[in-house]
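> Can you keep this structure in mind? I'll have questions shortly.
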Amino acid sequence: MPVKARMHLKIWLTRADGDAVDKEGQELVGQGRIELLRRMAELGSLKKAAESMDMSYRLAWGRLKKMEEALGRPLVESGDNRRGGYRLTPAGEELATAFRRWEDEVRRFALAHAPQLYDLTLETGAEENPDAEQGSAAPSRD
């Protein structure tokens, strides 16, 4: 009799530079950081993006700066209006799009192959919504 299961998937990339010992293992990008970029683009504000994720502005700013430092390029820039705000740079937009595409491919592969591990029937739910991270049993890296 198949066991009912729900898939939870957390993926992120870290540096593996042999020459950069001080940066070995430094997180480059993950689902939470990409979601922060997506919300910044949507809301035009780091503060609003952080609030929408129940995150402090300071934590969001730190994660953004660490991601830019690790990748070696700016991902956001000041907006055009006088009220400030931010928008994604072309590099930030490209990263967010490419990461989501890669994440979708990994998710589809995992869903297709998970039942082969054991007699499983996968329920739909969290695996269909990449932003539904609250219910995940996996520890958060973001």
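Only the coordinates and a few stated rules stand behind these numbers; no lab work does. None of the values given here were measured: they were computed from a predicted structure. Methodologically, a virtual Cβ is constructed for each residue, glycine included, from the backbone with ideal geometry; neighbour enumeration extends over all protein chains shown.
> Test of understanding: ordering Ile34, Ile11 by Cβ neighbours within 10 Å, fewest first, what list do you get?
Ile11, Ile34
> Another question, if that's okay. Please list 89-99, 69-79 highest first by mean number of surrounding beta-carbon atoms within 10 Å per residue.
Ranked from most to least packed, the peptides come out as 89-99, 69-79.
> Modelling each spin label as a point 7 Å along the Cα-to-Cβ direction, I'd like the Leu59/Glu77 distance in nm, to one decimal.
3.0 nm
> Could you give each residue of the stretch 4-15 its phi-based ³J(HN,Hα) in whole Hz, using Karplus coefficients 6.51, -1.76, 1.60 with θ = phi - 60°, and x for Gly or Pro?
Couplings: 6, 9, 10, 8, 10, 9, 10, 10, 7, 10, 10, 6 Hz.
> Using the Karplus equation 6.51 cos²θ - 1.76 cosθ + 1.60 (θ = phi - 60°), what ³J(HN,Hα) coupling, rounded to whole Hz, does each residue of the stretch 61-73 give in order, writing x for Gly and Pro?
Going residue by residue, I get 4, x, 5, 4, 5, 5, 5, 4, 4, 5, 8, x, 7 Hz, with x marking Gly and Pro.
> Now for a different question. Local charge sum around Lys65 (other residues, Cβ-Cβ under 13 Å, Lys/Arg +1, Asp/Glu -1)?
Net local charge, Lys65 excluded: +2.
> Let me ask you something else. How far, in nm, would the chain grow between Glu42 and Arg107 when pulled straight, counting 0.36 nm per residue and subtracting the alpha carbon separation?
21.0 nm
> Another question about this same structure. In nm, what is the difference between 0.36 nm times the number of residues separating Arg15 and Thr121 and their Cα-Cα distance?
34.6 nm
> Sequence gap at least 6, Cα distance under 8 Å: using those rules, report the relative contact order of the stretch 29-72 to the nearest whole percent.
32 percent
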